[in-house]
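The values are calculated or read from the model by the stated rules, or taken from the named source; none is laboratory data. Since the structure is predicted, the reported quantities are computational estimates derived from the model, not experimental observations. Here the Cβ positions follow ideal geometry from the backbone for every residue, glycine too, while neighbour counts run over all protein chains shown.
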There are 4 protein chains.
Amino acid sequence: MTDAQSHNGRAHLGGRRLRVAVVGLGYWGPNLVRVLHELPDTRVVAVCDLQAELLIRLVPRYPTIRMTTKYEDVLGDDAIDAVAIATPISTHHALAAAALEAGKHVFVEKPLAGSSELALDLIDRAERSGLTLMPGHTFLYSPPVTTSRDLIRSGELGDIFFVSTSRVNLGLHQPDVSVVWDLGPHDFSILRYWMDEMPVRVSAVSRGCIINGTPDVAFINLEFPSGTIAHVEMSWLAPSKLRRTAIVGSRKMVVYDDTSNEPVRIFDSGADLPEPETFGEFRLTYRAGAIVSPRVDATEPLQLELSDFCQAVRNGTQPRSSVEIGLDVVRVIEAVDQSLAEGGAPVPLALPETQAYA
Amino acid sequence: MTDAQSHNGRAHLGGRRLRVAVVGLGYWGPNLVRVLHELPDTRVVAVCDLQAELLIRLVPRYPTIRMTTKYEDVLGDDAIDAVAIATPISTHHALAAAALEAGKHVFVEKPLAGSSELALDLIDRAERSGLTLMPGHTFLYSPPVTTSRDLIRSGELGDIFFVSTSRVNLGLHQPDVSVVWDLGPHDFSILRYWMDEMPVRVSAVSRGCIINGTPDVAFINLEFPSGTIAHVEMSWLAPSKLRRTAIVGSRKMVVYDDTSNEPVRIFDSGADLPEPETFGEFRLTYRAGAIVSPRVDATEPLQLELSDFCQAVRNGTQPRSSVEIGLDVVRVIEAVDQSLAEGGAPVPLALPETQAYA
Amino acid sequence: MTDAQSHNGRAHLGGRRLRVAVVGLGYWGPNLVRVLHELPDTRVVAVCDLQAELLIRLVPRYPTIRMTTKYEDVLGDDAIDAVAIATPISTHHALAAAALEAGKHVFVEKPLAGSSELALDLIDRAERSGLTLMPGHTFLYSPPVTTSRDLIRSGELGDIFFVSTSRVNLGLHQPDVSVVWDLGPHDFSILRYWMDEMPVRVSAVSRGCIINGTPDVAFINLEFPSGTIAHVEMSWLAPSKLRRTAIVGSRKMVVYDDTSNEPVRIFDSGADLPEPETFGEFRLTYRAGAIVSPRVDATEPLQLELSDFCQAVRNGTQPRSSVEIGLDVVRVIEAVDQSLAEGGAPVPLALPETQAYA
Amino acid sequence: MTDAQSHNGRAHLGGRRLRVAVVGLGYWGPNLVRVLHELPDTRVVAVCDLQAELLIRLVPRYPTIRMTTKYEDVLGDDAIDAVAIATPISTHHALAAAALEAGKHVFVEKPLAGSSELALDLIDRAERSGLTLMPGHTFLYSPPVTTSRDLIRSGELGDIFFVSTSRVNLGLHQPDVSVVWDLGPHDFSILRYWMDEMPVRVSAVSRGCIINGTPDVAFINLEFPSGTIAHVEMSWLAPSKLRRTAIVGSRKMVVYDDTSNEPVRIFDSGADLPEPETFGEFRLTYRAGAIVSPRVDATEPLQLELSDFCQAVRNGTQPRSSVEIGLDVVRVIEAVDQSLAEGGAPVPLALPETQAYA
C-alpha cells in the first residue's frame, strides 16, 4: 500500500463508523464483537472463524453481521477498514501480516506475535504501509492500572523500591502455550507501562505440573535500570484467585487488587533512616499512617482500548497500547523462556541494535 | 566433658526441674524467660545480658531470679543445667560453644550459627560432649505448620507441585543481618520439615531499599529433588502484613495463613488430564470442591518447643527442631547469599561429603 | 375458564415452546427477556412497555420479537400462552388479573400484589380459571439458599435458635415504595421457605432518611411458632454491600453470604449444657470445630425459576415459588407496615380464617 | 463526709501514688491489677477475693501485694485511697456503698449497679461524701470509639441517620445475668457517648437458647430524640466473632470494626435529593467516593481509663466514664428488660424527675 492509499485510508473514514471484521471467536473474540458492536464509532461488519459452529452461535444475537469461515472473504472485502484478531498466538503474525498486506488496519490480541522477530516484522510492515497496528494489552486501559500509574509517575510513591505481583487461580490451561505466554503479557505490559523502562535482567523458575513440558506455574524475577526489582508469580493451578500487586515506594505503598471492591489502596507507610547511617546508633523510624482507597472509575477497559484503536486509526497516532510496548512484552517473555531453558540463570536484556519503532 | 559426666548430666535431673539460664534479653529473650518460668518441668534460675537496664526491667516480674551481666557467672554455676541463648546471630557460636564446654545443654535461637562451618563445629562439640544442642525453630511447633505437614506427609494432598509463600510487613529491620538471615530461618525450616528434603538449587534477587547493602526484601526460588518448586518472598517493607503460604498438590491444595482465624484451609481442587495426552483433543477436567478449615489447636508454639528441649535433655533424644534441620537451614541461607553475590545465578546445593550428624 | 379450557390450555402446548410476552422493561424486565429467550422450552414472542424508548432499546438485540406499547395487543394475541410481568408493584394486580381474564398463565414479579387482599383475589382468579399464577421469588432458586434449606430441613443444624440477616448497600431507592416492600420479599420469602412456618409476631423500626415518609432503612424482628427468632436489617443507605445471614442452630451454624466466593459456610460450633442445669455448678461446654464451605452450584437462579414456571404451566403443578408463599410474604410486609404505623408495637399474625390456597 | 474531709481526702495524695485495692479476681480483675501496677501514678497495695486460690495464683507475679479474702481488711486499711471493684453485678452496690462509707474512692466495673435505683443510691452516696465514683465503661477510652465520636461530633458525618451494630461470638455465657446486662453496657455506653442523648424509646426481642430464661441473643432497637435510630444485636452464640458498627450520616458513613486492623473506615458516600422533592421527576444522586482508614492510636483503653480515674480522684473532676453515663446505661438496660417482659413492646424512656447528677 502506498502512502497515498494510507492517507486516503484514514481520510475515507470521514465522519462514518470504522468498519471492523473480528477474526477468531474462541474465548475472547465474542467480547470484541460485543464491544465493537456497541461503540458509537465502530461497526462490526463481519466475523470470521474456521469453526462454523462458533459463527452460528452468534447468529441469534447478531443476525445482520456477515459470517464467514474464509479469511480471504475478509481480506478481499473493500468495505472493511480494520481487522481485530483474537486467534491463537501462533497465527498472529500470518493473519496480521495478510491484513496489512490487504490494506487493513490491525488490532491483534496480546501478545503481538509469537517471537520478537515476528513482532518486528509486523511493526515494519505497518510502518511501511502507513497502517495502524495495535496489540491488545487491555490492562493498560484498566482504571486501577492507570490510577496506579498516576501514583507512580507523579512521584507520590517516591522511588519505587520493588513490585510484587501474583496472578493465579485454578483453570484455563492453554493447549499450545505456557502460562508465561498466556498470563505474562498482562503483567509485563503493566510493569512496562508503570515503570517506563525495560528490565535489564530476568530470571525464572517454572514447572509443568499437569502437562509435562508446558509450564503452568512460574516464579519470575525482574531487575530494572532504576534499581526497582519485581517478582511476578503466575499460575493456572492455585487454591484461590489472586490478582494482587504490591508496589513499595520510598514514600508510600500501593496495593492493586483486581478482585477487590477497593482495587487500589494507598498506604502512607514507610521506613526512614533519618541520619547518615551510623552503625553504632542504628535507628529507623517507621511511619504507618492512613490508608486511602480512592474512587476508581468503573469503565470497561475493553471499551477504552477499542476506542483508542479507533482514534489511532482515524488520526494516525500511536495508541497507549503501542507496538513498542507490544514488542517489549514479547522480548521479556523470550528472556523468561531463555532463563527457564538455562535452569533459571539470569538473562540480560539488551536493547536491539536498531529499534524499528524508534 | 567425659561420657561419664554427660551420663551423669542427664541422670542428675532425676525428677527435678531443669535449671535454665536465659542469655540475651532483647526482643525475644523475655519470651523464653516467661515460658521457661511457667513450664512445669523447667525453672529459670538466672538471666544474663550485657545491658544491665534490660535485667533491671525484669526485676519486678521475676524478683527471685538471679541477674547478671557476666556470662562467666552462668558458665561457672554448677546448679545450672542448661543455657537458652537469644542473642545476635554473630554471637551464637561463641556463646553456645562456651556453654557446651562448661557442660551445659544448649538451646540457641535460630539460626543455629552464622555459617554452616560454625554450625558444624557446634554440632561436633555437642556430640563429643554428649550434651543436647537444639536450634530454636519455633515454627516447627506451630499447630498450623504441623497440621500442614500431616496433610503433606499423609499423601492427602498428592504430589506437591509447588509452594508459594510470603512473609512480609513493615518493620523490624535488623541492624546487623539481612532479611534473609532474619526471616529465612522461619520459611526454610518449615519447608525442610514439610518436604523432608533439601533443595538442590536456589536462586534469589534482593534489594537493600533502606540501608544500602542490607537486603530488606528478597525473592527466592528453590527447586527440590522430588520436583517440587518453591517461591519465598520476604520483606521488612510491605504495605500490610502477609504470612501466607499456598501448597499446591496434585490432589488438594492448602493455604496456611498465620494471620487468619482459620490458619489452615484445605481446598479439594485440582486439574486432571484424564487420558494420555493427545494434542489433538486437549481436554482438562477441573475440580473445585469443598473448602475445609480444620480446627487447629491453639497451644503456644514456644511452650511446645521448650518442652521438647526439656525432653531432649532428659532422654538424650533429638528434638523435632534438630541440629540436622538447623544446619540445613544455614546451608540454604548461605546458598541464597551466594546467589545474591552472583547476580541471581542458580546455586546448586551439594550435600557435604561427610555429614557430622549422619 | 372451564376444566376443558384449562385442559386445552395446557394440552395445547404439546411439545412446543411456551410462548411468553414480557411486560415491563425497566430494571428487571430485560433479564426476563434474556433468560426466556435462551431457555430451550420458552420463546419470547412479544415485549410490552408504555415507554416506547425502552422497547426500541431492545430492537438491535431481539430484532424478531414483537414490540408494543399496548397491553391489549398482548391480551388479544391468542398465540401468547403466558405473560411475565415486571412492572411497578401498584400495577401487579390489574395487569395479572387482566391476563388471567384473557386466559394467559401469569408470572408476576415479587411481591405478588400490593396487598394481601389483592393477592388473594389473584389467587382466586387463577384457581377459578385453572391457570398458573406464580410470583417471582427468585431467591428460592438460588443455590446457596437451597443448600441452606437442605441443611436446615435435614436436621444437620439441629433446632434453629435464631437467624440474623443484613441486606444493605448504597443505592436503588425506589420512587413509590419503601425499602420493606422492595427488599422484604427477598428475606421474607427465604425465611418462609427455610422455616416452613409463618412468623407469629413482627415488630419493626424504620426511618425515611432521604425522602421523608419513605423508609429507606428498617430493623425488623420476627418470632416463629417453633421458637426461632429472626432479625432482618434492610437498607438502601449503607457504607458497603452486605448480604449476610447467620443461621444459628443447636448443633451447627451457617453463614450464607451472597457476596462471597464461599456463599455457604458451615460452622461445627455450639454451646452445650451437659447436665440438668444446676445453678451452683454452672458449666457450659463450647465446641468450635471445623468450618466447611461446600461446593455450591453456580446456575443462575432466574433460569431455574423460569424453568419451574414453565413446568408448572405444562403440568398444572405448583411451582416452588408458590402463590402460598407469595401471599405469606405480602402478609408479613403488611404486618411490618402495621408495626411501623403503631410506633414499633409487636403485631401478631393470625392465619386468615379461610385460606384460599389451602 | 464533710467538705473538709473531701478536701483532705484529695489533698492527702499530694504528689504520691494513689494506693488502690482491687476487689474481685475473676476474668477481668487481673487486668485491673496489671494496669494499676504499671501506671506511674497508681500502686496496687491489696487484692481481695473470696476465693483464696484466685489470690494464690497472683502471688508469683505480685509477691509484694497484700492478699486477703476479707473485704473488711480493705475497708479498714487507712493506707488504701481507692477500691477497684470487678465482682459480679449483683454485688456492685453493696461493695461500692461500703467502700464509700469507709471513705474510699470507688472504681466499679460496668454496669454501675444492678438497677437504676441502686445506681442512684451510689451516686447520692458519692456526692454526699465528696468521693469519686466511676463506672468502668472501658470502651469510652478505646481509640476507635473516640475517633468515631470526633467524626460524629465535628459534623463531618452530617446528621446521623442510623447506627447498626453487632457484638456477637461464641462463648462466655454468664451464669447470673442475661447477654443484655453483660454486653449491653458496651454498646449503650458507646451510643450514649457518641450521640450525647438518651434514647426515647427502646424495643427488643431475645431468646434464651441454651439456658431457658437467660437471654443469650437479643435484637434491640433504639430511637433517639434527634431522629437517629439504632439497632444493636448481641449474642453469646454466633458462628464467628463480629464487632461491627455502621454509622450512617447524611454526609459520610463510618464502619467501626473492633476486630480489624483498620478499626475505623470513613466512606465518603451518600445519597442526595438535589431539589425539593417532586414526585414526577424523582431523581437521587449517589456519591461513592474515597474510603479512608485513618491511623488510630493503639494505646490500651484500660490504661487510659484508669488514668482518668486517677485524675478524677486527684482533681475532684468527673471522668469521661461518668456516673451520669453509668446511670443512663442501666436505665437503657432496664428499658430493654421491660420491653422483653412485655413481648417486645416499645418502652418509652422518661427522664427521672430529679436527676441526682444534674
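Residues that are within 15 Å of the chain's Cα centre (by Cα), of a type outside the set (K, R) and within 25 Å of C:D272 (Cβ to Cβ) do not occur anywhere in the range D:165-176.
Is there a residue being charged (D, E, K, R) and in contact (Cβ under 8 Å) with a residue 40 or more places away in the chain anywhere in the range C:204-213? Looking for residues that are charged (D, E, K, R) and in contact (Cβ under 8 Å) with a residue 40 or more places away in the chain, one finds none in the range C:204-213, hence no.
Okay, residues lined up against (1) at pLDDT below 95; (2) crowded, with 20+ Cβ neighbours inside 10 Å; (3) over 30 Å from D:P239 (Cα atoms):
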{"residue": "C:I247", "(1), (2), (3)": "no, yes, no"}
{"residue": "C:V254", "(1), (2), (3)": "no, yes, no"}
{"residue": "C:T259", "(1), (2), (3)": "yes, no, no"}
{"residue": "C:L273", "(1), (2), (3)": "yes, no, no"}
{"residue": "C:L284", "(1), (2), (3)": "yes, no, no"}
{"residue": "C:C310", "(1), (2), (3)": "no, yes, yes"}
{"residue": "C:S322", "(1), (2), (3)": "no, yes, yes"}
{"residue": "C:G344", "(1), (2), (3)": "no, yes, no"}
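Can you work out which of the residues in the range A:324-342 that are in a helix (DSSP H, G or I) and within 14 Å of chain B (Cβ to nearest Cβ) is surrounded by the fewest Cβ atoms within 10 Å (Cβ to Cβ)? Walk me through how you get there before you give the answer.
Of the residues in the range A:324-342, the ones in a helix (DSSP H, G or I) are A:324-341.
Now drop any that are not within 14 Å of chain B (Cβ to nearest Cβ), which leaves A:335-336, A:338-341.
Details: A:A335: 25, A:V336: 26, A:Q338: 16, A:S339: 25, A:L340: 21, A:A341: 11.
If we take residues in the range A:324-342 being in a helix (DSSP H, G or I) and within 14 Å of chain B (Cβ to nearest Cβ), then A:A341 is surrounded by the fewest Cβ atoms within 10 Å (Cβ to Cβ).
Residue check: D:L191 meets all listed conditions (1) out of contact with any Leu (no Cβ under 6 Å at 6 or more places or on another chain); (2) closer than 13 Å to D:S148 by Cβ; (3) assigned to a strand (DSSP E or B) but one, namely (3).
So which residues in the range D:230-245 are among the aliphatic types (A, V, I, L, M) and surrounded by fewer than 24 Cβ atoms within 10 Å (Cβ to Cβ), if there are any at all?
Within the range D:230-245, D:L242 is the sole residue that qualifies.
If the condition is being more than 7 Å from chain A (Cβ to nearest Cβ) and more than 25 Å from A:A345 (Cβ to Cβ), then the range B:217-239 contributes only B:W236.
Considering (1) away from chain B (no Cβ under 11 Å); (2) out of contact with any helix residue (DSSP H, G or I) (no Cβ under 8 Å at 6 or more places or on another chain); (3) part of a loop (DSSP other than H, G, I, E, B); (4) without any contact (Cβ under 8 Å) to a residue 60 or more places away in the chain, the lone condition that A:R283 does not fulfil carries the number (1).
With respect to B:F161, determine if the residue is within 14 Å of chain A (Cβ to nearest Cβ), in contact with a strand residue (DSSP E or B) (Cβ under 6 Å, 6 or more places away or on another chain) and either touching a residue at least 40 places away in the same chain (Cβ under 8 Å) or not acidic (D, E) (or both). Spelling it out, B:F161 is indeed within 14 Å of chain A (Cβ to nearest Cβ), in contact with a strand residue (DSSP E or B) (Cβ under 6 Å, 6 or more places away or on another chain) and either touching a residue at least 40 places away in the same chain (Cβ under 8 Å) or not acidic (D, E) (or both).
Conditions (1) out of contact with any Phe, Trp or Tyr (no Cβ under 6 Å at 6 or more places or on another chain); (2) touching a residue at least 40 places away in the same chain (Cβ under 8 Å); (3) farther than 25 Å from A:V330 by Cα; (4) surrounded by fewer than 20 Cβ atoms within 10 Å (Cβ to Cβ), marked per residue:
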{"position": "A:G24", "(1), (2), (3), (4)": "yes, yes, no, no"}
{"position": "A:I56", "(1), (2), (3), (4)": "yes, no, yes, yes"}
{"position": "A:R66", "(1), (2), (3), (4)": "yes, no, yes, yes"}
{"position": "A:Y71", "(1), (2), (3), (4)": "yes, yes, yes, no"}
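Right, D:R153: out of contact with any helix residue (DSSP H, G or I) (no Cβ under 6 Å at 6 or more places or on another chain) and farther than 16 Å from D:I333 by Cα or not? Outline the logic, then answer.
Values: out of contact with any helix residue (DSSP H, G or I) (no Cβ under 6 Å at 6 or more places or on another chain): yes; farther than 16 Å from D:I333 by Cα: yes.
Criteria met by D:R153.
If you go through the range A:286-297 and keep only what is under 12 Å from B:L237 (Cα atoms) and more than 7 Å from chain D (Cβ to nearest Cβ), you end up with A:Y286, A:R287. Within the range D:76-94, the set of residues being surrounded by 21 or more Cβ atoms within 10 Å (Cβ to Cβ) and more than 17 Å from the chain's Cα centre (by Cα) comprises D:I80, D:D81, D:A82, D:V83. Count of the range D:307-330 residues, restricted to those that are out of contact with any His (no Cβ under 8 Å at 6 or more places or on another chain) and under 17 Å from D:V145 (Cα atoms), is 4. Of all residues in the range D:316-342, those satisfying the criterion of being among the charged types (D, E, K, R) and within 20 Å of D:F107 (Cβ to Cβ) are D:R320, D:E324, D:D328.
Check A:A238, A:A230, A:A204 and return the single one that is aliphatic (A, V, I, L, M) and within 23 Å of B:F267 (Cβ to Cβ). Quick ask: steps written out before the conclusion?
Working: A:A230 fails: within 23 Å of B:F267 (Cβ to Cβ); A:A204 fails: within 23 Å of B:F267 (Cβ to Cβ).
Step by step, each of A:A238, A:A230, A:A204 is checked, and only A:A238 is aliphatic (A, V, I, L, M) and within 23 Å of B:F267 (Cβ to Cβ).
Which is at pLDDT 95 or above and buried (at least 23 other Cβ atoms within 10 Å of the Cβ), of A:P225, A:P199?
A:P199
If you go through the range D:197-212 one residue at a time, do you hit one that is more than 8 Å from every other protein chain (Cβ to nearest Cβ) and charged (D, E, K, R)? Within the range D:197-212 (the criterion being more than 8 Å from every other protein chain (Cβ to nearest Cβ) and charged (D, E, K, R)), the answer is yes, since at least one residue qualifies. When restricted to residues that are of a type in the set (A, V, I, L, M, F, W, C) and either farther than 19 Å from C:V217 by Cβ or outside any strand (DSSP E or B) (or both), the range D:142-178 contains 8.
Determine whether the range D:156-172 contains at least one residue that is more than 18 Å from D:P263 (Cβ to Cβ), surrounded by fewer than 20 Cβ atoms within 10 Å (Cβ to Cβ) and modelled with pLDDT of 95 or more. Yes; the residues of the range D:156-172 include at least one that is more than 18 Å from D:P263 (Cβ to Cβ), surrounded by fewer than 20 Cβ atoms within 10 Å (Cβ to Cβ) and modelled with pLDDT of 95 or more.
C:D258 falls short on exactly one of the conditions (1) away from every other protein chain (no Cβ under 11 Å); (2) within 30 Å of D:V254 (Cα to Cα); (3) touching a Leu at 6+ places or on another chain (Cβ under 6 Å), and that condition is (3).
Each residue in the range A:240-251 was checked for being more than 8 Å from chain B (Cβ to nearest Cβ) and among the hydroxyl-bearing types (S, T, Y), and 1 of them qualify.
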